[in-house]
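Working notes for the structure below.
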Amino acid sequence: MMFARLLSPYRCPPMKILVANWKMELGVRESVALARGVVRGLRGLKEVPHVYLAPSHPALTDVAKVLGRSRVLLAAQDVFGEVQGAYTGFVSAKQIKEVGAGAVIIGHSERRMFAGETDADVARKFAQAVEHHLDPIVCVGEPAAVRENGEALAYVHDQLDAILASADVSKRRRLIVAYEPIWAIGSGVTPTIHDVREMHRAIRERFEEAGMERVSVLYGGSVNSENVYEFVSDSEVDGVLVGGASTRLNSLMELIGVVSEVS
Ligand code: 13P
């Protein structure tokens, strides 16, 4: 690794990424305690992967304080697609930025499902994130029936086209896309690495066609400490987006440990 780095810095694969999506699982105090545990756990480690913690909105400010100048990054779980105004209960990109988050999850399937978000909504959110210099973590992924019909690639392609048309992605410093097949979320079932690789390649190609080469493509859906190695050790997988297994300190640190081994 060292030798390769001396020869050419460009030959080293970029650091892998782990995004911990705590969904609505943890309270503010629990989020703070877990964030504290992560910061402590990473202390003294020379090389750590890019770790993003995504607590729910009420915990963002307190978790931001805990993360302070550590290497752990803060992400929000959602943002609204408008700049400002009479939008009760919504949160803007500017507000998210203000409380110290540097990234935001966009278009998660649970938001598409429970809040009725459409591709057009997701596109507006994406544009807001880009505009306010938040790293967008865009979620895409197909339902089970679409996969069974052999239409998963086309389905995800359409989801990507909606966001690609909405903002000038070529200016992005970091852009993250998470492939999360809906049927794999919280189910304990995962796609084969072959299917993940095929989808990740297709996502990357779509961005390259749009003139954007620096996209990181993560896998998400029932990732745990037993299966994480298989995903992150693959060159097509730049990291993982984890729900359930990221809400407990032990399993989160195990996941981070595996991801740093392959980074
Ligand atoms: P699980 O890891 O609990 O399956 O959730 C995945 C997910 O939705 C992450 O955003």
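Throughout, read-outs are computed from the coordinates displayed, never taken from laboratory work. The shown structure was predicted, so the numbers you read here are calculated from the model rather than taken from an experiment. Note that we place each Cβ from the backbone using ideal geometry, even for glycine, and neighbour counts take in every protein chain shown.
Residues of the chain were split at every exposed loop site, defined as trypsin sites (Lys or Arg not before Pro) in a DSSP loop with at most 14 other C-beta atoms within 10 angstrom, and the longest piece left, sites excluded, is 72-172. Charging the Cβ of each Asp and Glu at -1 and of each Lys and Arg at +1, and nothing else, the dipole of region 43-109 about its Cα centre rounds to 380 debye. With bins 10 Å wide beginning at 0, the percent of Cα pairs of region 45-195 falling in each bin runs 10, 38, 34, 16, 2.
Per-residue Karplus couplings for region 249-263, computed as 6.51 cos²θ - 1.76 cosθ + 1.60 with θ equal to phi - 60°, are listed in order as 4, 4, 6, 5, 5, 4, 4, 4, x, 5, 5, 6, 4, 8, 6 Hz, Gly and Pro entered as x.
On full extension, the segment bounded by Glu131 and Asp62 gains 22.4 nm, given 0.36 nm per residue less the C-alpha separation.
Inter-label distance, Glu205 to Val83: 3.9 nm, where each label sits 7 Å from its Cα along the C-beta direction. Residue separation of Ser251 and Ala115 scaled by 0.36 nm, minus their Cα-Cα distance, works out to 46.0 nm of gained length. Each label point was placed 7 Å from the Cα along the Cα-to-Cβ direction; for Glu47 and Glu30 their separation is 3.5 nm. Shown here for region 214-263: GluC sites (Glu not before Pro) in loop regions (DSSP other than H, G, I, E, B) with at most 11 other Cβ atoms within 10 Å, namely Glu226.
Qualifying chymotrypsin sites (Phe, Trp or Tyr not before Pro) in region 13-99, where qualification requires a DSSP coil assignment and no more than 16 other C-beta atoms within 10 Å, comprise Tyr87, Phe90.
Note on region 85-139: Kirkwood hydrodynamic radius from all Cα pairs is 11.5 Å, rounded to one decimal.
Have a look at Gly150, Gly81, Gly116 and report the one farthest towards the positive end of the charge dipole of region 58-157, computed about the Cα centre with Cβ charges (Lys/Arg +1, Asp/Glu -1). Value computed over the given set: Gly81.
Report the FRET efficiency, 1/(1 + (r/R0)^6), for Ser70 and Thr192, where r is their Cβ-Cβ distance and R0 is 41 Å, rounded to 0.05. Please list the in-between numbers first.
Details: r = 36 Å, r/R0 = 0.87.
Between Ser70 and Thr192 the formula returns 0.70.
The dipole here belongs to the chain: it is taken about the Cα centre, uses +1 on the Cβ of Lys and Arg and -1 on the Cβ of Asp and Glu, and is about 1380 debye.
Length gain on complete extension for the stretch Ala165 to Arg214, per 0.36 nm per residue less the alpha carbon to alpha carbon distance? Don't skip to the end; give the middle numbers.
Working: separation 49, 0.36 × 49 = 17.64 nm, distance 1.72 nm.
Answer, rounded to one decimal: 15.9 nm.
Taking amide H as placed 1.01 Å from N in the peptide plane, Gly239 has its amide H under 5 Å from the amide H of Ile17, Tyr219, each at least 5 places away in sequence or on another chain.
Only the Cβ atoms of Lys and Arg (+1) and of Asp and Glu (-1) were treated as charged; on that basis the dipole of region 86-144 about its Cα centre amounts to roughly 160 debye.
Along each principal axis, taking the top coordinate minus the bottom one, the Cα set of the chain gives 44, 40, 37 Å in descending order. Dividing the Cα radius of gyration of region 116-165 by its Kirkwood radius returns 1.05 for Rg/Rh. The helix-based estimate of mean residue ellipticity at 222 nm for the chain, built from -39,500 (n - 2.57) per DSSP H run of four or more residues and divided by its residue count, is -12000 deg cm²/dmol to the nearest 500.
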